[in-house]
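Since the structure comes first, as C-alpha cells, the remarks are kept for the end.
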Amino acid sequence: MDSIYKSLTAIVGDGHVSNRPEELYIYSFDLGTAEPHRPDYIVSPETTEQVQEIVRLANRENIPIVPLGGGLSLAGLAVPLKGGILLDLKRMDQIIEVNEKARYAVIECGVSQGQLTSYLERHHPHLTHSEPGAPPAATIAGNVMIHGQGDLAQPYGFTSDMILGLEVILPAGELLHLGSCAVGTGWFTLHPLPDVGIFLGWYGTTGIITKLSIKLFPAKKIRGVGTFVVEDENLIPEIIFKITHTQMAEDIIAFSSAIPPFTRELHHINVNIAADSEKELEFREEIIWDDTLGEYIRSGDGGYLGFVRGLQRPQISKTSDYKKGGGFEYVGGIMPVETYPQCYREGRDISERHSIPYTVTGRVIGAAHSMMFAWTYAFNRADPETIRQAREALHETDDLVMKLGGVIWKPGTYGQKLVLERLEPDTRELMKKIKALIDPNGIMNPGNWEIP
Amino acid sequence: MHELKFDQDLCLRCGTQACLTKCQYIEFDGETAKKEILKIATGRDSFVLHKCVTCYACEEYCPFGNHPFYLIAERQEALGISPVPRPLVQRAVNLGIPFRGEPDIKEINGPVLNMGAFSDHMHLIQGKLFEGLPVISTDERKMFHYFCQLMYLHYGKDSVIKKRLPGIIETIAKHKPTEVICFHDECYGAYTSYCDAYGIEVPFKPIHFFEYLYNRLIELKNMIQPVKLKVAYQRPCSSRLSPDKHLFVGRIFNLIGAENVKREFVDENALCCAGAIQGQRQEGSRKRAVIQQQRNVEDMKKAGAQVCVFNCPACLQTIGDLVARNGIKPIHMTDLCRLAIGEIPAGWR
Ligand SMILES: Cc1cc2nc3c(=O)[nH]c(=O)nc-3n(C[C@H](O)[C@H](O)[C@H](O)COP(=O)(O)OP(=O)(O)OC[C@H]3O[C@@H](n4cnc5c(N)ncnc54)[C@H](O)[C@@H]3O)c2cc1C
Ligand code: SF4
Ligand code: SF4
C-alpha cells in the first residue's frame, strides 16, 4: 500500500479513502463537457481537524488537493486537472446553529441546499435562504466559492454577499476565522473588521471553507410565481427596471427557449411574489401587474399569464432532455441588464450555428444592478460530436460575454484565460502575490485561477 | 374554407336578442343588442367585440342555435381586435404545436375515451367506471395531436381552429373508433357544435363525458352508496357549447345522492373560473377575474357547499386552491362518482 494512502487512512479511517479505479473514474468528470481527469485519491473527511491534517499532508508531499461539494458547478471546476487528492466534503454536513432572531445559520461545508431548505421548512418555517436552481445536492459552500445566486438574489444579491462568517483552512494547514466569529462572539456579521476577503469566488484555490454563517431571510406564508410574457426582447430591460422599482418581488427570471414551442421567440418573465396574507398578496400583485405593467397589457405588447402558488424549489433545468443523452452545460455571464436583447439574439445565433435548440435565461441580481445571463447547450453524452459542438458553443459564448461588456461567471479554464487576459496588470499582480503568499506550492485546485 | 352557418335573418326576426341581453359582462337593452349583433353580422365594428370576455355563454343563450359567439370570435380576428395581448396569443398558438414525436395509432373498432390535451390527468380515469374502455391520447408528450383547438376562441384566433381541427379529427379517426367519449367537454363541443357550425365532417360519434359517466353509473347501480355531500358544480365555459348535455350534471348528482346546493350562479347564470379573463387586454381584467372568483366561491359558501365539483381540469387548476382555502373541497366529477361506488380517489379525506 502506498504511503500517502496509508497516511490518509490514518487521518479519516478505513472506508473513507479510495484509490480504486472505478471510484477514481467516477470522480474524474462532472456533468458538463469538461475533459475528464482522474484524481489519485478520494478522501472524505468528517471534521475540520481531519481537513487540516489532510491539507498539511498534501502540502508536505506537494500533492494537489481539490475540494468537492456537490460537484454540480458544471464547468469542470472540481475536476482534478492535475490529479492528486479529491477532497469530498459531503460528510461534513452538520447544521450547527440557526439563530432565529438574527436570521442566520452556521453550517458545515458539506451542507447541501436541499438539506438546509428542508431543515428550515421543518424547524424554522418563517425563515428561508437564497436557494439556487441547482439540484438539491449542491452545497452552499460550493455556491459561495463560485459567487452563485439563488432565488433571493434579486432583493439581496449574490449568495457570497450573504456570508456572515467563515472558517477557512489555508494550504499550510492554518485554521482561521473571518467576521465577528474571529473575535469570539457569535457568527452574526462579517463586518466591521478590516476586509480580508480572499476566499469567496476563488474555487478553493486559496483555502478550504469548513464552516460558514449564511444569512437567512423572512419566509412569507404564501410564495408563488407570476408570469409576464412579451415578444419583443427589447422591452425586457425596462420591464425589469420597473418591477425592481416596486420592491414587491423576490426572484425575477426572464427566459426564452426554442423548445417547448410555447417559449420559442417569446420572453417569459417569472416574478416570485411572497406575502403573509391574501391582502398583502393582492396588494403586491396589483402594484406589479396592474399599476406597473398595465400599460403593456393595454397596448397588447405584454401579457399577464397568471400566478401559481408554491415554489418549485429547485427549478431543475429541463434542457438536458432536448437532445438524446441527457447532457447540458451553460455559460453564465454577469451582465448589465440592458444587454438582455443582444445576449438573447447573439445566443440564439450561436445555438443555431451549432444545431442546438437555444435556451437562455436571465436572473436579476440586486435591484437590477446586474443579471446572471445563462446560455445553455444540450448534448448527447454518448455522442462525442455533440459534445464537441456544445464545447465550441460554450467557448464562443465565453467570448460573447466579454464582447458584450459582461464578466464570465464561474468560468472554466478557457473562460478564466479570457478574463485574466483582460485583467488590469496591477490587479493581476496583486492576485498573483496573494496566491503565492497563501499557497506557495500551488497545491490548491491547481489549473484554476493560475496567473502566469 | 369552412364557413360559419350564421343566419342574420334569424336575428332580424328574433324577439329577445337573448344572446346579448343575457350577457353577464356587458349591459344591453334589447334595441342596442339588436343593433350590435347586426353590425357584427355584417362585418362592422361593434363595442361588443372589444368588451366581450369570451365566456362562450351567448352560444347557449341564443334559442335558435345561431352561433353568436363563433361569429364574435371570427369577427374579432377579422378586425384585428384581439381580446388578449399579442404575446399571449402567440404563446397559445405555439402551445398547440406537437413537438415530441408522432402518435401511436392503434385501431380500436369500438368506443374509445379520448383524453385530448389532458393526458396528464390519467389519474382521473381510474377504477370501475372506466374498466375495459380503451383510451387514446394517453401520452403527455404527444397529446397535442389530439388537442381540439377550441381554446383559440378565447384568443381571437378562429383561423387556427379551422386550420388544425380537420387534422386532429383525422388522427382520432385513424384509431377507427365508433364512439369517441370526450374527457373534456370542449372536445365534445368541438366535434358537435363547432364542426356542425362550420360544416366540418366528423367520422365518429362524439359522446359527452357526463353522459358516459351517467350511463356507466346506471350499469353499476347496485354498487352506489349515496355520497350525502352538499355539492356546488363549477360549470366551465366549454359546457356552453353543449347545453343539451348540462342536464347530466343534475342526473348524476341525483343518482349518487349528492345534494346540489341552491346557488345564485348556477346553470345559465353560472360564473366561469375566469382563467381566460385574467390576462385579457381590457383595463382591469386581472382584478375582474379576482373579484369574479371571489363572488363565485362566496356564493358556494353561502349555499352551504361542502364540495365543489369540477368538470374541466383547467378550472380546477385555476380556482381549486381558492375553493379549498375557503373550506370547500375541490373534486373532479369522476372522483365524486368513484366515491359513490365505494372507491377512494387518491388524496380524498
Ligand atoms: C441544473 C443546474 C442548475 C443550476 N442553477 C444554479 C443557480 O440557479 N444558481 C447558481 O448559483 N448556480 C447554479 N448551478 C451551478 C451549481 O450547481 C451551484 O452553484 C452549486 O451551488 C455549486 O455547488 P456544488 O456543491 O455543486 O459545488 P462544486 O461543484 O462541488 O464546487 C464548486 C467549486 O468550489 C470548490 N469548492 C467546493 N466546496 C469547497 C469548500 N468547502 N471550500 C473551498 N472550495 C470549495 C470546488 O473545488 C469547485 O471549484 C446550477 C447547476 C445545475 C446543474
Ligand atoms: S344570435 Fe340568436 S339570440 Fe342573438 S339576436 Fe340572433 S337569433 Fe337572437
Ligand atoms: S361570449 Fe360572453 S361576454 Fe362575450 S358577448 Fe357572449 S355572453 Fe357576452
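Under 20 Å Cα to Cα from A:Lys101, which aspartates and glutamates show up? Leave out anything in the same chain fewer than 8 places away.
Cross-link targets: A:Glu121, A:Asp161, A:Asp276.
Excluding A:Ala393 itself, what net charge comes from residues whose Cβ is under 14 Å from its Cβ, given Lys and Arg +1 and Asp and Glu -1? List each step's numbers first, then the result.
Working: positive: A:Lys323, A:Arg348, A:Arg353, A:Arg388, A:Arg391; negative: A:Glu329, A:Glu346, A:Asp349, A:Glu352, A:Glu385, A:Glu392, A:Glu396, A:Asp398, A:Asp399.
Counting the neighbours of A:Ala393, the net charge comes to -4.
Compute the angle between helix A:3-12 and the longest alpha-carbon principal axis of chain A, please, reported from 0 to 90 degrees and rounded to the nearest 10.
60
Using a 1.4 Å probe over the heavy atoms of the protein chains, calculate the carbon and sulfur portion of the accessible area of segment B:232-308 as a whole percent. Intermediate values should be presented prior to the final figure.
On the way: 1460 of 3050 Å².
In segment B:232-308, the share of accessible area belonging to carbon and sulfur is 48 percent.
Accessible area of B:Met122, 1.4 Å probe, to the nearest 10 Å²?
Rounded to the nearest 10, the figure is 60 Å².
For the interface of chains B and A, what total accessible area is buried with a 1.4 Å probe, rounded to the nearest 100 Å²? Mind dumping the intermediate values first?
On the way: alone 15780 and 19420 Å², together 32960 Å².
It comes to approximately 2200 Å² buried between B and A.
Could you work out the relative contact order of chain B? I mean the mean sequence separation of Cα pairs under 8 Å and 6+ apart, divided by the number of residues, in percent. Show your work: numbers first, answer last.
Details: 573 pairs, mean separation 56.4, N = 349.
Over chain B, the number comes to 16 percent.
Roughly speaking, to the nearest percent, how much of segment A:326-452's 1.4 Å accessible area is carbon and sulfur? Working shown, then result.
On the way: 2920 of 5300 Å².
After summing per-atom areas, the C and S share lands at 55 percent.
Tell me, what HN-Hα J-couplings in whole Hz come from the Karplus equation 6.51 cos²θ - 1.76 cosθ + 1.60 at θ = phi - 60° for each residue of segment A:327-337, using x for Gly and Pro?
So the Karplus estimates, Gly and Pro as x, are x, 7, 8, 10, 9, x, x, 8, 10, x, 4 Hz.
Let me see the P(r) profile for segment A:317-419: every Cα-Cα distance counted, bins of 10 Å, each bin given as a percent of all pairs.
All Cα pairs, binned at 10 Å, distribute as 17, 49, 29, 5, 0 percent.
Determine which lysines satisfy two conditions relative to B:Lys230: a Cα distance under 23 Å, and not lying fewer than 8 residues away in the same chain.
B:Lys221, B:Lys245, B:Lys262, B:Lys301, B:Lys302, B:Lys329
If the viscosity is 1.567 mPa s and the temperature 4 °C, what translational diffusion coefficient in µm²/s does Stokes-Einstein give for segment A:45-102 when Rh comes from Kirkwood over Cα pairs?
Values: Rh = 13.1 Å.
Answer from the Stokes-Einstein relation: 99 µm²/s.
Take the Cα gyration tensor of segment A:222-314, multiply each eigenvalue by 5, square-root it, and list the three semi-axes largest first, rounded to whole angstrom. Let's see the in-between values first.
Working: eigenvalues 89, 53, 23 Å².
Over the Cα atoms of segment A:222-314, the semi-axes work out to 21, 16, 11 Å.
Pairs of Cα atoms under 8 Å, at least six residues apart: use those to get the relative contact order of segment B:1-87, whole percent.
Details: 93 pairs, mean separation 27.5, N = 87.
Once divided by the residue count of segment B:1-87, the mean separation gives 32 percent.
Between the alpha-carbon centers of segment A:148-196 and segment A:386-452, tell me the distance in whole angstrom.
Going from one Cα centre to the other spans 24 Å.
Considering only C-alpha atoms, what is the centroid distance from segment A:5-46 to segment A:64-141, in Å?
So the separation of the two Cα centres works out to 19 Å.
So if each residue of separation counts as 0.36 nm, and I subtract the Cα-Cα distance between A:Phe241 and A:Ile26, what length gain in nm does that give? Kindly include the intermediate steps, with their values, before the conclusion.
Numbers: separation 215, 0.36 × 215 = 77.40 nm, distance 4.44 nm.
Length difference between fully extended and current span is 73.0 nm.
Per residue, how large is the accessible surface of chain A? Use a 1.4 angstrom probe and give square angstrom. The partial results should precede the final answer.
On the way: 18340 Å² over 452 residues.
Per residue, chain A has 41 Å² of solvent-accessible surface.
Per-residue mean of other chain beta-carbon atoms within 10 angstrom of the beta-carbon, peptide B:283-294? Write down the numbers at each step before the final one.
Details: counts 4, 4, 6, 11, 5, 0, 2, 4, 0, 0, 0, 1.
Mean inter-chain Cβ contacts per residue within 10 Å come to 3.
Can you tell me which aspartates and glutamates have their Cα less than 16 Å from the Cα of A:Lys417? Leave out same-chain residues fewer than eight positions away.
A:Glu392, A:Glu396, A:Asp398, A:Asp399, A:Glu429, A:Glu450
Show that you can apply the helix-only estimate: for chain B, add -39,500 (n - 2.57) for every DSSP H stretch of four or more residues, divide by all residues, and state [θ] at 222 nm to the nearest 500.
Details: 15 runs with 139 residues, N = 349.
Computed ellipticity for chain B at 222 nm equals -11500 deg cm²/dmol.
How large is Rg over Rh for segment B:137-212, taking Rg from the Cα atoms and Rh as the Kirkwood inverse mean of 1/r across Cα pairs? The partial results should precede the final answer.
Values: Rg = 11.8 Å, Rh = 12.6 Å.
When Rh is taken as the Kirkwood radius, the ratio is 0.93.
Give me the percent of accessible area attributable to carbon and sulfur for segment A:95-218, probe 1.4 angstrom. Write out the running numbers ahead of the final one.
Details: 2570 of 4400 Å².
That share works out to 58 percent.
Heads up, I need the accessible area for A:Lys432: 1.4 angstrom probe, whole protein in place, Å², nearest 10.
Taking all protein chains as shown, A:Lys432 has close to 70 Å².
Name the residues of segment B:64-107 whose accessible area, probed at 1.4 Å, falls by at least 40 Å² once all protein chains are in place instead of their chain on its own?
In segment B:64-107, residues shielded by partner chains: B:Pro85, B:Arg86, B:Pro87, B:Leu88, B:Arg91, B:Asn94, B:Phe99, B:Arg100.
How many angstrom lie between the Cα centre of segment B:194-259 and the Cα centre of segment A:350-380?
Here the two parts' Cα centres lie 47 Å apart.
Can you give the three extents of the C-alpha atoms in chain B along their principal axes, from longest to shortest, in whole Å?
56, 49, 38
Taking the square root of 5 times each eigenvalue of the Cα gyration tensor, what semi-axes in Å does the equivalent ellipsoid of segment A:95-218 have, largest first? Intermediate results must be reported in sequence, preceding the final value.
Numbers: eigenvalues 93, 54, 35 Å².
Computed over segment A:95-218, the values are 22, 16, 13 Å.
Give me a comma-separated list of calculated 3J(HN,Hα) values for segment B:69-84, in order, Karplus coefficients 6.51, -1.76, 1.60 applied at θ = phi - 60°, integers in Hz, x for any Gly or Pro.
6, 4, 5, 4, 4, 5, 6, 4, 5, 4, 9, x, 9, 7, x, 10
Which residues, if any, in segment B:241-282 have at least 40 Å² less accessible area in the whole protein complex than in the isolated chain, probe 1.4 Å?
Flagged in segment B:241-282: B:Gln278, B:Arg281.
For n ≥ 4 DSSP H runs only, could you compute -39500 (n - 2.57) per run for chain A, divide by its residues and tell me the 222 nm figure to the nearest 500?
Details: 13 runs with 134 residues, N = 452.
Mean residue ellipticity at 222 nm (helix-derived): -9000 deg cm²/dmol.
Keeping every protein chain present and rolling a 1.4 Å probe, give me the accessible area per residue for chain B in Å². Walk me through the numbers on the way to the answer.
Numbers: 14620 Å² over 349 residues.
In whole numbers, chain B has 42 Å² accessible per residue.
Excluding A:Gln154 itself, calculate the net charge of residues whose Cβ lies under 12 Å from the Cβ of A:Gln154, where each Lys or Arg counts +1 and each Asp or Glu counts -1. Walk me through the numbers before you get to the answer.
Details: positive: A:Arg363; negative: A:Asp151, A:Glu250, A:Asp251.
Cβ neighbours under 12 Å give a net charge of -2.
For segment A:370-448, with only Lys/Arg (+1) and Asp/Glu (-1) charged at the beta-carbon, what is the dipole magnitude about the Cα centre, in debye rounded to 20? Working shown, then result.
Values: 11 positive and 11 negative charges, 43 e Å.
Using only the charged Cβ atoms, the result is roughly 200 debye.
Evaluate the charge dipole of segment A:2-88 about its Cα centre and quote only its size in Debye, nearest 20, assuming +1 on the Cβ of each Lys and Arg and -1 on the Cβ of each Asp and Glu. Each step should come with its number before you reach the end.
On the way: 6 positive and 12 negative charges, 45 e Å.
That gives a dipole near 220 debye.
How would you rank B:71-83, B:128-140, highest first, on the average number of other Cβ atoms within 10 Å across their residues? Before the final figure, lay out the partial values.
Details: B:71-83: 20.2, B:128-140: 16.5.
Going by the mean number of other Cβ atoms within 10 Å, highest first, we get B:71-83, B:128-140.
Please express the Cα-Cα pair-distance distribution P(r) of the protein assembly as shown as a list of whole percents, one per 10 Å bin, running from 0 to the bin with the greatest distance.
Histogramming the protein assembly as shown at 10 Å steps yields 2, 12, 19, 21, 18, 13, 9, 5, 1, 0, 0 percent.
The values are calculated or read from the model by the stated rules, or taken from the named source; none is laboratory data. Note that the structure is a prediction, hence the values are computed from the model and not measured. Reconstructed Cβ throughout: ideal geometry from the backbone, glycine too, with neighbour counts over all protein chains shown. Heads up: the accessible areas ignore ligands, DNA and RNA and are worked out on the full protein's heavy atoms, side chains in. Shrake-Rupley method; radii C 1.70, N 1.55, O 1.52, S 1.80 Å.
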